[in-house]
Amino acid sequence: MTVAPHTILALGDQVPKVDPTAFVAPGAHVIGDVEIGADSSLWYNVVVRGDDQPIRIGRGTNIQDGTVVHVTSGTHPTTIGNDVLIGHLAMIHGCDIHDRAFVGLGSIVMDGCVIESDAMLAAGAMLTPGKRIPSGELWAGRPAKFLRKLSEEEIVRNPRGSASYVDKARRHAAAIAEDQG
């Protein structure tokens, strides 16, 4: 489902591995030691740069427009689990984001941070180095702090959101392929 024009760039012997069912939108850049799982989507103008450490992105995860995913040289790779939602213009740097986590629009997740499964970082928040958001919690602010427990409804809603992006990616890929045809 990957469509051009986007950049998938080897860096020396580090060649990105993109599952054929993943959507990499035009204008996105995937560089170096990066693996992207099945049905994941990297939207317009996303940069995923695994130049000094690996970046691993699970299945069914979406990384929305304008987001940057990077690593910390020599110390922190970036791992993003399955069915993760990452909002537009987020900065993801040298951290671990577990399955079904949610990172809001314009958020920053810094070196050594962990966002556990079914946890949420609110839009515009900054998770400072080494912080951990436990499962089922919502953190907000700059710097981010515990705000409240997520409701069961909120926890159930997040995986539905990532599933909707799988469908959205297929629609975009089809439209782009038709336009290029």
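Considering segment 60-80 alone, what residues qualify as being surrounded by 22 or more Cβ atoms within 10 Å (Cβ to Cβ), polar (S, T, N, Q) and under 17 Å from residue 33 (Cβ atoms)?
78
Considering only residues of segment 99-108 that are of a type in the set (A, V, I, L, M, F, W, C) and more than 11 Å from the chain's Cα centre (by Cα), which is nearest to residue 143 (Cα to Cα)? Outline the logic, then answer.
Filtering segment 99-108 for residues of a type in the set (A, V, I, L, M, F, W, C) gives 101-103, 105, 108.
Restricting the remaining residues to those that are more than 11 Å from the chain's Cα centre (by Cα) gives 105, 108.
On the way: 105: 15, 108: 10 Å.
For segment 99-108, the residue satisfying everything is 108.
Can you tell me which of (1) surrounded by 14 or more Cβ atoms within 10 Å (Cβ to Cβ); (2) outside any helix (DSSP H, G or I); (3) more than 19 Å from the chain's Cα centre (by Cα) is the one residue 176 doesn't meet?
Checking residue 176 against (1) surrounded by 14 or more Cβ atoms within 10 Å (Cβ to Cβ); (2) outside any helix (DSSP H, G or I); (3) more than 19 Å from the chain's Cα centre (by Cα), the one that fails is (2).
State all residues of segment 132-162 that are part of a loop (DSSP other than H, G, I, E, B) and either of a type in the set (Gly, Ala, Ser) or within 18 Å of the chain's Cα centre (by Cα) (or both); if no residue qualifies, say none. Lay out the reasoning, then the answer.
Restricting attention to segment 132-162, the residues satisfying the condition of being part of a loop (DSSP other than H, G, I, E, B) are 134-136, 141-144, 150-151.
Hits for segment 132-162 are 135, 136, 141, 144, 151.
Pairs needed: first member in segment 89-117, closer than 10 Å to residue 78 by Cα; second member anywhere, assigned to a strand (DSSP E or B) and at pLDDT below 95; C-beta distance under 6 Å; at least 6 residues apart or different chains.
That search, which allows pairs on different chains as well, returns 94/72; 94/76; 111/72; 111/76; 112/76.
Can residue 101 be described as among the small types (Gly, Ala, Ser) and modelled with pLDDT under 95? Step through it out loud before you land on a result.
Values: among the small types (Gly, Ala, Ser): yes; modelled with pLDDT under 95: no.
Spelling it out, it is not the case that residue 101 is among the small types (Gly, Ala, Ser) and modelled with pLDDT under 95.
Does segment 138-181 hold any residues that are at pLDDT 90 or above and among the basic types (Lys, Arg), and which are they?
142, 145, 148, 149, 168, 170, 171
Please verify whether residue 83 is in contact (Cβ under 8 Å) with a residue 60 or more places away in the chain and either surrounded by fewer than 23 Cβ atoms within 10 Å (Cβ to Cβ) or over 20 Å from residue 129 (Cα atoms) (or both), treating the condition exactly as stated. Even if it seems obvious, please write down each step before you answer.
Values: in contact (Cβ under 8 Å) with a residue 60 or more places away in the chain: yes; either surrounded by fewer than 23 Cβ atoms within 10 Å (Cβ to Cβ) or over 20 Å from residue 129 (Cα atoms) (or both): yes.
Spelling it out, residue 83 is indeed in contact (Cβ under 8 Å) with a residue 60 or more places away in the chain and either surrounded by fewer than 23 Cβ atoms within 10 Å (Cβ to Cβ) or over 20 Å from residue 129 (Cα atoms) (or both).
Out of (1) over 19 Å from the mean Cα position of the chain (by Cα); (2) over 28 Å from residue 110 (Cβ atoms); (3) of a type outside the set (Lys, Arg); (4) surrounded by 14 or more Cβ atoms within 10 Å (Cβ to Cβ), the odd one out for residue 166 is which?
(1)
Of the conditions (1) surrounded by fewer than 20 Cβ atoms within 10 Å (Cβ to Cβ); (2) among the basic types (Lys, Arg); (3) under 30 Å from residue 6 (Cβ atoms), residue 148 satisfies every one except a single condition; which number is it?
Result: residue 148 fails condition (3) only.
This table checks each residue for (1) free of Cβ contacts under 8 Å to residues at least 12 places away in the same chain; (2) of a type in the set (Gly, Ala, Ser); (3) out of contact with any strand residue (DSSP E or B) (no Cβ under 7 Å at 6 or more places or on another chain).
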position: 6; (1), (2), (3): no, no, no
position: 11; (1), (2), (3): no, no, no
position: 23; (1), (2), (3): no, no, no
position: 28; (1), (2), (3): no, yes, no
position: 38; (1), (2), (3): no, yes, yes
position: 44; (1), (2), (3): no, no, yes
position: 48; (1), (2), (3): no, no, no
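The values are calculated or read from the model by the stated rules, or taken from the named source; none is laboratory data. Please read these numbers as outputs of a predicted model, since none were measured by experiment. As a convention, Cβ positions derive from the backbone with ideal geometry for all residues, glycine included, and neighbour counts pool all protein chains shown.
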